[in-house]
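One structure below.
Each value in this text was obtained by applying a stated rule to the coordinates, not by laboratory testing. None of these values were measured; they are calculated from a predicted model. Positions of Cβ are generated from backbone atoms using ideal geometry, with glycine treated the same way; all protein chains shown enter the neighbour counts.
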Amino acid sequence: MTDRRREDWRRLAQPPAKVLLIDDDADIHALVEAMLRPLNVQFASAHDARGGVAQAIAMRPDLILLDQELPDATGVETLPQLRQHPSLGDVPVVVITASEQRDVLTACYEAGASDYIRKPFFGAELRARVQSLIERRRMLDDLGRAAHIDPLTGLPNRALLQWRLQHAIDRVRLNAEESFSLMFIDFDRFKLINDSLGHAFGDMLLTELAQRLRTNLRVHDSVARDVGGSTVARLGGDEFIVILEGTHDAAAAEAVADRLIEIIELPYHLEQHIVRSSASIGIVHSSEGYTEAADMLRDADIAMYEAKARGKGCHALFTSDMREAVRYRMQLENALREAIGTEQMYLAYQPILSLEDRRLESVEVLLRWRHPELGSISPAQFIPIAEETRLILPLSEIVLREACRQFLRWRSETPDWAPRYISVNLSRVQLTDPQLAKRTMAILDELGMPPECLQLEVTESHIMQQRSLAADLMAEFKSHGVRLAMDDFGTGYSSLSCLQEFPFDTLKVDRALTENISRGRGYSALLHAVMSLAENLGLEVIAEGIERVDQLVLLQALGYTYGQGFLLARPLTADALEDWWRSNAVAGNKLGISPNAQEAA
């Protein structure tokens, strides 16, 4: 097919262009309509300026032919009325005039005319002018659509969304009776689906999701900026935004969000695959008094992450407390970056004791942070930040180096009570690092630390999330003689095959089981089963979270030989740990339990 024939087919495939003629001469109406018939346009006409402007607003033409001499106004006087209306501002206008005066033509252009044509005119000339302007307008519309419409879903993109959102905010500021809500929608399992099935199926999923949102909300996908009604836009990736008009309070938006969550959770048929997922939705209402679109989007995003934190598949309404929490988190992140490598970060050591005698078996190494202004900051606050920002990697190296130095110092200076080994936690981020074992062994070699004196703890859930990587990493550590412990056993996956697949030396029973040991026979039976399993597999067992004497007594009765918890000893600095051990040794206090606790036993 030749280029010309392709162009002809393209024109035929497009809807007819709408042309409006504003002229007081009925004969001109008939003549122009006949002249334009070969162009297959949709023709309309008006006989005066007032009627022409009204008809233009109603039909939104692609081109206006405007006579300079009208009964109620000149073309120059009519042009500003057309240009001032939002839907007509970019419509090309051709002024028809019999005048040859330069000042008249100049005034037409200054008023906003796109072109002019002199009377009398011929059909070929008129068609050429009209066709040229219509093609130019369609080309600009295509460019505008490409700049403002997401090519995958056909929804407004970020640029058009921000304009419409700002327009909605400005409208509310001018009219107190106006209101709307903003919803930030994130598809909860998109990355998993995209990674497992491939990007093509990921695109199909996003397209289907967009269609569900479009179908279930009265939305406008037009590239035009000044449109009423709600808007659904794709912000990027699997993030969608809804500007929900006419919601007088947040409760109305929450009801819509609940309905959307149900719709989104319905199965998706992607060729031979059927997938399911949920969505997390953050909601913010215009009554919060926003002036900038970026601020409203930010707060909706914050609320969406709050919905994810609540378990996903739900919605959360933004509150100022959420913003303060985000600001505090940013403050912590910046402070953490400055604290790495300073005395603000220090190590604490929690003893792991033999439940049969007073022997110190090991210590778990714990990172602590004392900020000069914010005070002591809980690991539950700063460790997730360190993992998300990957600051956990340099922090972990610092922890390992200092813990090994301290262990070697104890073995040298106080060999009688020095722990047999130290236990250091691995984060989920470290499990994705293929060079972790190599760097760890380099540090041990540099410090002269025996590999068998280091135990690395990894949680059961982190192993299962990175199963293949973790298997290779654990095998490499084991080949060098490093001890391995499964932490928090008894929660999460609790996969028995995991114990056979990974070369563990130790099971650390989660505090949740220890805490409930005296609440019923079921927990005691479960702890007994764990102990029997460990013995059959040749694993040492450490009971975590021992905080009461009755827990200790029952664990001893079940045959547990090692324990850890506040009843035995809290995490202590190196100096405090030495003092604690000496004081217990002098007092003859077995298991490191305070005298009051022993009396209670």
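Centre-to-centre separation between the Cα atoms of region 421-449 and those of region 520-562: 29 Å.
Lysine pairs, Cα distance under 19 Å, 8 or more residues apart or cross-chain: how many in the chain?
4
Estimated from helices alone, the mean residue ellipticity of the chain at 222 nm is -15500 deg cm²/dmol (sum of -39500 (n - 2.57) over DSSP H runs with n ≥ 4, per residue).
How big is the dipole moment of the chain about its Cα centre under a simple scheme where the beta carbon of each Lys and Arg is +1, that of each Asp and Glu is -1, and everything else is neutral? Debye, nearest 20, please. Please report the intermediate quantities before stating the final value.
Numbers: 64 positive and 88 negative charges, 166 e Å.
Roughly 800 debye for the chain.
Over region 148-205, the pair-distance histogram of Cα-Cα distances with 5 Å bins from zero comes to 4, 15, 16, 17, 16, 12, 9, 6, 4, 1 percent, rounded to whole numbers. Distance from the alpha carbon centroid of region 287-358 to that of region 232-262 works out to 25 angstrom. Can you match volume of the Cα convex hull per residue in Å³ to one of these, (1) 159; (2) 204; (3) 242, based on a calculation from the structure here? So the structure-derived entry is (3). Shape class for region 314-440: prolate, because the ratio a/c of the largest to smallest gyration tensor axis (alpha-carbon atoms, square roots of eigenvalues) is 1.5 or more and a/b beats b/c.
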